[in-house]
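The values are calculated or read from the model by the stated rules, or taken from the named source; none is laboratory data. Model, not experiment: these values are computed from the prediction. Note: ideal-geometry Cβ built from the backbone for every residue, glycine included; neighbour counts use all protein chains shown. Ligands, DNA and RNA are excluded from the accessible area calculation, which covers all protein heavy atoms including side chains. Shrake-Rupley method; radii C 1.70, N 1.55, O 1.52, S 1.80 Å.
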Amino acid sequence: MINMKCLVTGFDPFGGEAINPALEAVKLLPEEINGAKIVKLEIPTVFGKSAEVVQAKIEEIQPDVVLNIGQAGGRFAISPERVAINVDDARIPDNEGNQPVDEAIQPQGQPAYFSQLPIKAMVAAMKEAGIPAVVSNTAGTFVCNHIMYQVQYMIDTKYPTLKGGFIHVPFIPEQVVDKPGQPAMSLQDIAKGLEAAIGAIVDYQEKEDIKAIGGAIH
């Protein structure tokens, strides 16, 4: 019997989109995966405020894992992120008009933090479920990287037993109707992939990640 709690967050729509597949896929997740309780949370695509909302929920429910989900338009596969970097460099404003450029997320924080999640096992589980998946080595410099870094900073400074990580998901078909050449994945497949990835997180809670090729040339 696994006694584990996983906080899974999804961002609200941003960048002119009417929907965010990250949030919609999180909503489709079951309440329990491999015996672990799944707690779902919508968070704002806003620098600073996103981390405040997540930290308040961490304090409330005391999860074992925090998994943030975000949209990465242009990607073909679901992508667990390996690393978050200590910089906000917004190409577009967030949902409250903030647009930090070359600013440290946490001046006292490390230059970067690595995910504690079994990213290679997560990719393998998603592929086994028939869902395209690949390790990503950059979470960007927008609010997705921001929240991944902020959770890692919380782990580093306040919650040493917590594990955290981030997954990027592609556009869904309705988002690319007017975006020729952009890849898309069905919402159902995204949710299926996330469920498989979370299953791997649960299964590897007490184990080392698998050793598998997942690097990139560039």
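Could you pull out the residue among Lys127, Lys158, Lys163 that is open to solvent by 20 Å² or more (accessible area, probe 1.4 Å) and within 20 Å of Gln71 (Cα to Cα)? Before the answer, list the steps.
Details: Lys158 fails: within 20 Å of Gln71 (Cα to Cα); Lys163 fails: within 20 Å of Gln71 (Cα to Cα).
Lys127 is the lone residue from the list that is open to solvent by 20 Å² or more (accessible area, probe 1.4 Å) and within 20 Å of Gln71 (Cα to Cα).
Any idea which of (1) of a type in the set (D, E, K, R); (2) touching a helix residue (DSSP H, G or I) at 6+ places or on another chain (Cβ under 8 Å); (3) within 11 Å of Leu7 (Cβ to Cβ) is the one Asp64 doesn't satisfy?
It is condition (2) that Asp64 fails.
Please work out which one of (1) open to solvent by 30 Å² or more (accessible area, probe 1.4 Å); (2) more than 13 Å from the chain's Cα centre (by Cα); (3) touching a residue at least 12 places away in the same chain (Cβ under 8 Å) is the condition Glu31 fails and give its number.
In the conditions (1) open to solvent by 30 Å² or more (accessible area, probe 1.4 Å); (2) more than 13 Å from the chain's Cα centre (by Cα); (3) touching a residue at least 12 places away in the same chain (Cβ under 8 Å), Glu31 misses (3) alone.
Within the stretch 1-28, how many residues turn out to be open to solvent by less than 10 Å² (accessible area, probe 1.4 Å) and in a loop (DSSP other than H, G, I, E, B)?
Matching residues across the stretch 1-28 total 1.
Quick one: would you say Phe171 is farther than 20 Å from Glu42 by Cβ, among the aromatic types (Phe, Trp, Tyr) and part of a loop (DSSP other than H, G, I, E, B)?
For Phe171, the condition - farther than 20 Å from Glu42 by Cβ, among the aromatic types (Phe, Trp, Tyr) and part of a loop (DSSP other than H, G, I, E, B) - is not met.
Could you list, in sequence order, the residues of the stretch 50-64 that are open to solvent by less than 80 Å² (accessible area, probe 1.4 Å) and either farther than 22 Å from Pro160 by Cα or not in a helix (DSSP H, G or I) (or both)?
Residues of the stretch 50-64 that are open to solvent by less than 80 Å² (accessible area, probe 1.4 Å), as a first pass: 50-51, 53-58, 61, 63-64.
Pro63, Asp64, listed by residue number.
I'm trying to understand the selection: among the residues of the stretch 102-124, which are open to solvent by less than 80 Å² (accessible area, probe 1.4 Å) and either over 25 Å from Gly215 (Cβ atoms) or among the hydrophobic types (A, V, I, L, M, F, W, C) (or both)?
Within the stretch 102-124, the subset open to solvent by less than 80 Å² (accessible area, probe 1.4 Å) is 104-106, 109, 112-113, 115-124.
Answer for the stretch 102-124, where residues must be open to solvent by less than 80 Å² (accessible area, probe 1.4 Å) and either over 25 Å from Gly215 (Cβ atoms) or among the hydrophobic types (A, V, I, L, M, F, W, C) (or both): Ala104, Ile105, Gln106, Gly109, Ala112, Leu117, Ile119, Ala121, Met122, Val123, Ala124.
For the list (1) open to solvent by less than 30 Å² (accessible area, probe 1.4 Å); (2) more than 20 Å from Asn34 (Cα to Cα); (3) in contact with a Gly (Cβ under 6 Å, 6 or more places away or on another chain), I need the number of the one condition that Tyr153 fails.
(1)
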